[in-house]
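Notes to accompany the following structure.
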Amino acid sequence: MSEPTKSQAPVGEGRAGPLGATVPALRGLGEMRHVGLIGALAILVVVGLVTRPDNFATASNLISILSLAATIGVITVGATFVIIGGGIDLSVGAVMALASVWATTLATQSYGPVVMAICAVIVGTGAGLVTGWLIAYGRLVPFIATLAMLVAARGLAQRMSDRKTQLIQPENSALVDLSTTRVLGIPLLVYIFALVVVLGWVLLNRTTFGRRTYAVGGNPEAARLAGIDVRRHTMLLYALSGLCCGIAAIIIMARTTTGSSTHGDLYELDAIAAVIIGGTLLTGGRGTIIGSILGLLIFTLITNLFILNGLNTSDQLIAKGLIIVIAVLLQRRNLKERAP
Amino acid sequence: MLVMQGIVKQFPGVRALDGVDLDVRAGEVHCLLGQNGAGKSTLIKVLAGAHQPDEGTITFDGAVVRPGSPIDAIRLGFATIYQELDLVDGLSVAENIFLGHEHARLGFVNRAAANRAAAQVLARLGHPEIRPATEVGRLSPAAKQVVSMARALSHKARVIIMDEPSAALAHDEVANLFRIIRELTAEGVAVVYISHRLEEIREIGDRVTVLKDGRTVAVGLPARDTPTSQIVSLMTGRNVEYVFPPRQGREPGEEVLRVENLSAPGVFSDVSFSVRAGEIVGLAGLVGSGRSEILEAVYGARPASGSVLLSGRSVRRGVVGTVRNGMGLAPEERKAQALLLDQSVTANITLGTLPEFARLGWLDRGRERAEARRLADLLDIRPPDPERPIRTLSGGNQQKAVLARWLLGSRRLLLLDEPTRGVDVGARAELYAVIHDLAKKGIGVLLVSSEVPEVLGLADRVLVLREGRVIHEGAATELDEHRVLDMIMNGEAA
């Protein structure tokens, strides 16, 4: 699904000439790399329009799709960084749940909605820093460190909440307003999602942090020998993922008016799947934020279409599984074509 | 018994074997000599079935054979013991010996039978103390070597190819290796023995074949009494022309690097030297002499005791610190250690000095591109399009990009490890000119190369390394290739 243009570009062995001249022109079509994903999205939209002409293209349905995508979407931005950096974060759903619980305890709630939001962000970032430290300096394998954080964060969330769903108190309803207040007909939380995507894109494409992320994931030894502090950067990547989980916790609290240890179950799988479908290599070094978000929208649209058409949720899971496989097979074919 | 004739193997851009002849008799130790890149490894891989020759014939016991895969080669009775031992650390000794031809019935491994058979083979090799059930990862390098050999024997090999078998062994272990080789040859097994160490070849070898630039230059020389000078001149009389820039125009300035008593146990010991601004210092030595490791230790990428002073100040804070203090390394393995193959030439050039293109983390991409373009022009990186992915460039141009990386910022010392590896002759001359220009600008250069003429032609001063020690230090103009090779191989400090 990624970069059909590049696969067609002839691979010259370092000779100048007409090849060199054509390549910049092809690069102008850089956005073409997402053309497959956009095509898939378009097909899903057409399916929606055909099967449910009456209620697919309504404002309320589109807003519900975006609201649904917002929570995992924010997490996906963080997951994209971690995966491009050569890692994996399984703890995202559990960390989000922990952040939502911590922010909705009676003690935290007594300080008002702003402190609640700050609390969620700090808890998420803190959890990410801990896993990041374990991976970077404790030399744990990312899979294991984040699996441990998944289990432990979920447990801590249950302990803090006594396994009860914690309601947001009426005096803190300003937090809930994020989902009910609309600007131009769109809930505020969708703007938060959009803002995170834009900031994530800028961070990845326009800063030294983003460049280093590609370097650390693409060739950690080369990054190290070029003088990049690979360990520190690795730790920061997981902290960033945790930060995104904290922001996602704010969104889910706003949407559900609760904090709960059951929030975000299996979100890690959806987030990783979205990143993979978006064309990011699990081995690191390559990938884009836009691709991940397109992958996520595809996933969310499928869910929406199945619900609108009253289809079985089990079939929905099967469809998602197939899409992951197809996406990866297509990517592998592209990679082979690109191989020197 | 085994005759190879006119073997040619072509890789993209390189003719690795260009007409090699080899004639191995049953029961002899046939030594293969040649400098790095002479084609020894490729020849071994042809025999091991890993590469198929483009031309030429292999005759074994009078019949023409074509080992098309490693399995074919093993069935024919060719066994190869590689330089890097290809054992699986997590499996037991017996499992490693019989890997691929297990004692099994219906897929179930008969462990007892395998262990018994392994014990037999090991006893035959004179190592009954290695227990077949031991995990290979726990064994010493010498014991691993024995297991590797046991594997070759378990295949009932008739030709055993050994690629630098003594490289990982201590002195008394080498004696045991030789005893095993003598037993094998007494039973009629032929051994193809590859080593850089001339004294070993004199001790164990029967006949010598010399390779140079992918060709056989001498066949069947008697190993014991061919004069060293003849062997060395056969190895070095080369066709490749080196074009070095003249040494004029460089005036060594003040000292930029002082290394004192640098040691890493088992790798190198007590290494001391200095590099002055505008000076090129070369390290000459074989693979395993510690040359790359010394570079890495100076760079802070490898732990070592002793002191490294950069412009008189101590920097011992790892790579992040040494780069910040003006060092740069062009590592040995360009693709594995230096390049981001998926990224553009620009991104690869600026990787080491990103903060200089950023304010508060925000990259100034326009300036980054302009600088990359300036350097690409300066070093004549082709094609002249720094936005291309670097994987589409040739090796020489990739290497120029790695050098360009360290032209940015204020570098005081550059460490170059095999800067011309895998680079064709034309691009070499260009790289030499670039390195020379760097030194002219007052940068100190520490150069490692396995090609002795390169070290002699480029460096002002040369340190000769052998087994982790500096055995000679002197002006490059006072040395010649013969003398350096002599020191490297025979260890005669001049």
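The values are calculated or read from the model by the stated rules, or taken from the named source; none is laboratory data. These figures come from a predicted structure and were not determined experimentally. Here the Cβ is made from the backbone with ideal geometry for all residues, glycine too, and neighbour counts use every protein chain on show. Surface areas here come from the heavy atoms of the whole protein model, side chains and all, with no ligands, DNA or RNA. Shrake-Rupley method; radii C 1.70, N 1.55, O 1.52, S 1.80 Å.
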TODO: May I ask you to rank A:W102, B:W362 by accessible area, largest first, using a 1.4 Å probe over the protein chains only?
DONE: B:W362, A:W102
Task: Linear extension gain, A:K164 paired with A:T180, 0.36 nm per residue minus alpha-carbon span - done: 3.3 nm
- [ ] Count, for each residue of B:357-367, the Cβ atoms from other chains sitting within 10 Å of its Cβ, then give me the mean as a whole number.
- [x] 3
- [ ] Using just the alpha carbons, could you tell me how many Å³ per residue the convex hull of chain A encloses?
- [x] 151
TODO: Return the calculated 222 nm mean residue ellipticity for chain B, to the nearest 500 deg cm²/dmol, obtained by summing -39500 (n - 2.57) across DSSP H runs with n ≥ 4 and dividing by the residue count.
DONE: -9500 deg cm²/dmol
Open item on the list: Restricting to DSSP H runs of at least four residues, report the calculated mean residue ellipticity at 222 nm for chain A, -39500 (n - 2.57) per run over all residues, nearest 500 deg cm²/dmol.
Closed with: -23500 deg cm²/dmol
Open item on the list: Treating only the Cα positions of the stretch B:246-309 as identical point scatterers, give the base-10 log of I(q)/I(0) from the Debye formula at each q in 0.12, 0.17 Å⁻¹.
Closed with: -0.33, -0.62
Task: In range of the label at B:A133: residues from the stretch B:64-95 whose backbone nitrogen is under 19 Å from the point 7 Å along Cα→Cβ - done: B:90-95
Open item on the list: Restricting to bridges with both residues inside the stretch B:2-236, how much of the DSSP beta-bridge set is antiparallel, in percent to the nearest 5?
Closed with: 60
Task: Folded to 0 to 90 degrees: helix A:18-27 orientation relative to chain A principal axis, Cα - done: 20
- [ ] Return the sequence-ordered ³J(HN,Hα) values of the stretch A:285-296 in whole Hz as given by the Karplus equation 6.51 cos²θ - 1.76 cosθ + 1.60 applied to θ = phi - 60°, using x for Gly and Pro.
- [x] x, 9, x, 9, 5, 4, x, 4, 5, 4, x, 5
Task: Cross-link table B:K400/B:K441; B:K212/B:K441; B:K212/B:K440; B:K9/B:K335; B:K40/B:K156; B:K9/B:K144, entries beyond 27 Å C-alpha to C-alpha - done: B:K212/B:K441; B:K212/B:K440; B:K9/B:K144
Open item on the list: Could you tell me the relative contact order of chain B? Use alpha-carbon pairs under 8 Å, at least six residues apart, and round to a whole percent.
Closed with: 15
TODO: Between B:E254 and A:A319, with labels modelled 7 Å along Cα→Cβ, what's the label distance in nm to one decimal, could you check?
DONE: 7.3
TODO: Pop the C-beta distance of A:S60 and B:T477 into the FRET formula with R0 = 56 Å and round what comes out to the nearest 0.05.
DONE: 0.05
Task: At R0 = 45 Å, FRET efficiency that the Cβ-Cβ distance of B:L360 and B:E467 yields, to 0.05 - done: 0.35
Task: DSSP loop trypsin sites (Lys or Arg not before Pro) with at most 13 other Cβ within 10 Å: longest gap in chain A - done: A:165-340
TODO: Any chance you could run the full-extension gain for B:N110 through B:R124? It's 0.36 nm times the residue separation minus the Cα-Cα distance, nm to one decimal.
DONE: 2.9 nm
Task: Å² per residue, accessible surface of the stretch B:254-489 at 1.4 Å - done: 35
- [ ] Take peptides B:52-64, A:271-283, A:306-318 and line them up by average Cβ neighbours within 10 Å, highest first, as a rough protection proxy.
- [x] A:271-283, B:52-64, A:306-318
- [ ] Report in % the part of the accessible area of chain A that belongs to carbon and sulfur, leaving out ligands and nucleic acids; probe 1.4 Å.
- [x] 69
- [ ] Pick out, in residue order, every one of the trypsin sites (Lys or Arg not before Pro) in the stretch B:284-316 that is DSSP loop and has at most 15 other C-beta atoms within 10 Å; say none if there are none.
- [x] B:R316
TODO: Note the angle between two axes, namely the Cα long axis of helix B:141-154 and the longest principal axis of the Cα atoms of chain B, as a number of degrees from 0 to 90, rounded to the nearest 10.
DONE: 40
TODO: Find how much the distance from A:A148 to A:I43 grows on full extension, using 0.36 nm per residue of separation minus their present alpha carbon separation; answer in nm with one decimal.
DONE: 33.9 nm
Open item on the list: Loop-only trypsin sites (Lys or Arg not before Pro) in the stretch B:431-469, please: DSSP not H, G, I, E or B, and at most 12 other Cβ atoms within 10 Å.
Closed with: B:K441
Open item on the list: Taking the 0 to 90 degree range and rounding to the nearest ten, how far is the long axis of helix B:365-378 tilted relative to the main principal axis of chain B, both from C-alpha atoms?
Closed with: 70
